[in-house]
Amino acid sequence: MSEHKRQMHFGVFVLGTGNHSAGWRMEGAFTSGCRLPVLQNIATTAERGKFDLFFISDGLLMETNDHPSFVSRFEPLTLLSALSMVTKHVGLGATVSTSFGEPYHVARAFASLDHLSNGRAGWNVVTSANQKAALNFSKQRLDEHDLRYEIASEFVDVVRGLWDCWDDGAVVADLKTGVYLDKSKIHPLDHKGRFYQVKGPLNIERSPQGQPVIIQAGGSPAGQDLSARSADLVFSVVNGDKESAKTAYDSLKQRVVKHGRDPHELPILPGVMPIIADTDEQAKEQLAKLQSWLTPTNALALVSARLGHDISGYPLDGPVPDFPQTEGGQAFSRALLDMARREKMTLRDLYNVTAAARGHWVIYGTPKRIADTLEEWFTSGLADGFVIMPAYFPGAFDDFVDRVVPELQRRGLYRTEYSGTTLRSHLGLERPGVMRRQAAS
């Protein structure tokens, strides 16, 4: 893709109470993420802003001191099916873990969503990282980290194989001959692998995108390899340090090439929380107000979850300890610990930063300053776009769509209209043909 045609991609990370832990306390903010009108508002705003993707994460446990939107949340595919009825263009992505489900169920669910939305479905592939989730699925603990990714890798292969069991045009429905199916265009999968045995075919025809978009966010070597081999879109974790972001961006693009793919086939979108106001000082004051509402209990829980280690017994004003590598999610742990060491943070500093955006990058300022920052990262080869994480809804998201998006459009960095109707078309990705996968032995 030539440089003058390259434009940013945007996704919105949707937590109905706001991505900031205390965002729900802002005047006029939504106080629940489990109300359909709230999510409809956010989805239609994303579409008004010509966003590539509306994205909702998921978890498989509830803890009372967790982020407000994690305490009560919709099952994501049920929600996205409802939102597909009130949107026409914006992609609809959701997290579903490979740690507890079955490939057949996941393949069928996302194929259904792709049909219902006319080609806008995206699956965020994750391996569950919280040990307590295992207790909800008749297990005492999760598998160890690298094994979880080995399972996930085969899980994804099976799902994609099931999506490819149907060729285009298999449904004939010929009124004259009475032939409904061209059976030569439907094939079993016959997968027999280390973790799964799946006969196939799927009981739903090939979806509008050929295959729904696969999203991935793993930051460990195993997670990056899964992304480079199988993903169509990557959410990355950055902390504002350009050098580390450039290293991570280039490393993943190089892995993509090693798997025989064009690096343009895998857009990388860092998560960022923009705080927007008429002046830089007003934006800083808005962030300070949000920070003033943090509670130590919630902040400590969030930091412990992100680091993969319980920090409740450590002095808050002491240095951040040298924790061993976690068996949980490693992207956030590494990003936060690197930032803490680089900036000589205390645990109190770290939990203030983490509670703001749960470990993601926070920027503040005028619409022009925000646009300048995003443009610099985009044109410097640090990102292909961004996952916007509004501190609260609807106000903070409206600010981005109504004030920052037009500035980027004026600079020619962002679309003014959708050029297609599917998530793949938004991302500049080709519709994949059927790939017959040899059954594993």
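Assorted remarks:
- Proximity of backbone amide H atoms, modeled 1.01 Å from N, is registered between LEU92 and PHE54, ALA121, GLY122 at under 5 Å, excluding neighbours fewer than 5 places apart on the same chain.
- For LEU316, neighbours were defined as the other residues whose beta-carbon sits under 13 Å from its Cβ, and their charges (Lys and Arg +1, Asp and Glu -1) total -1.
- Summed over the residues of the chain and divided among them, the accessible surface reaches 43 Å² per residue at a probe radius of 1.4 Å.
- For the range 157-238, the list of trypsin sites (Lys or Arg not before Pro) that fall in a loop by DSSP and count at most 13 other C-beta atoms within 10 angstrom reads LYS176, ARG194, LYS199.
- Karplus-derived 3J(HN,Hα) values for the range 388-393, using 6.51 cos²θ - 1.76 cosθ + 1.60 with θ = phi - 60°, are 7, 10, x, 5, 8, 10 Hz; glycine and proline are entered as x.
- Förster radius 30 Å - calculated FRET efficiency between SER251 and ASP168, Cβ distance, rounded to 0.05: 0.25
- Note that the range 178-194 has calculated 3J(HN,Hα) couplings of x, 7, 9, 10, 8, 5, 5, 9, 10, 9, x, 8, 6, 7, 9, x, 5 Hz, one per residue in order, obtained from phi through the Karplus relation 6.51 cos²θ - 1.76 cosθ + 1.60 (θ = phi - 60°); glycine and proline are x.
- 3J(HN,Hα) along the range 121-138: 7, x, 9, 8, 7, 9, 10, 4, 10, 8, 4, 5, 4, 4, 5, 8, 10, 6 Hz, from the Karplus curve 6.51 cos²θ - 1.76 cosθ + 1.60 with θ = phi - 60°, whole Hz, x for Gly and Pro.
- Reach of LYS139 by Cα under 20 Å, taken over aspartates and glutamates that are not fewer than 8 positions away in the same chain: ASP58, GLU63, GLU102, GLU150, GLU327
- Database remark: amide H of LEU189 closer than 5 angstrom to the amide H of GLY200 (H placed geometrically; neighbours at sequence offset of 5 or more, or on other chains; Pro and chain starts carry no H).
- Applying a threshold of 21 Å to the alpha-carbon distances of LYS242/LYS344; LYS5/LYS50; LYS199/LYS258; LYS50/LYS368; LYS50/LYS253 flags LYS199/LYS258; LYS50/LYS253 as lying beyond it.
- Contact order normalised by residue count of the chain, Cα under 8 Å, 6+ apart, percent: 24 percent
- Heavy-atom accessible surface of the chain: percent carbon and sulfur, 1.4 Å: 51 percent
The values are calculated or read from the model by the stated rules, or taken from the named source; none is laboratory data. Just so it is clear, the structure is predicted and the values come from calculations on it, not from any experiment. Don't worry about glycine lacking a Cβ; one is built from the backbone with ideal geometry, like all the others, and counts go over all protein chains shown. Ligands, DNA and RNA are excluded from the accessible area calculation, which covers all protein heavy atoms including side chains. Shrake-Rupley method; radii C 1.70, N 1.55, O 1.52, S 1.80 Å.
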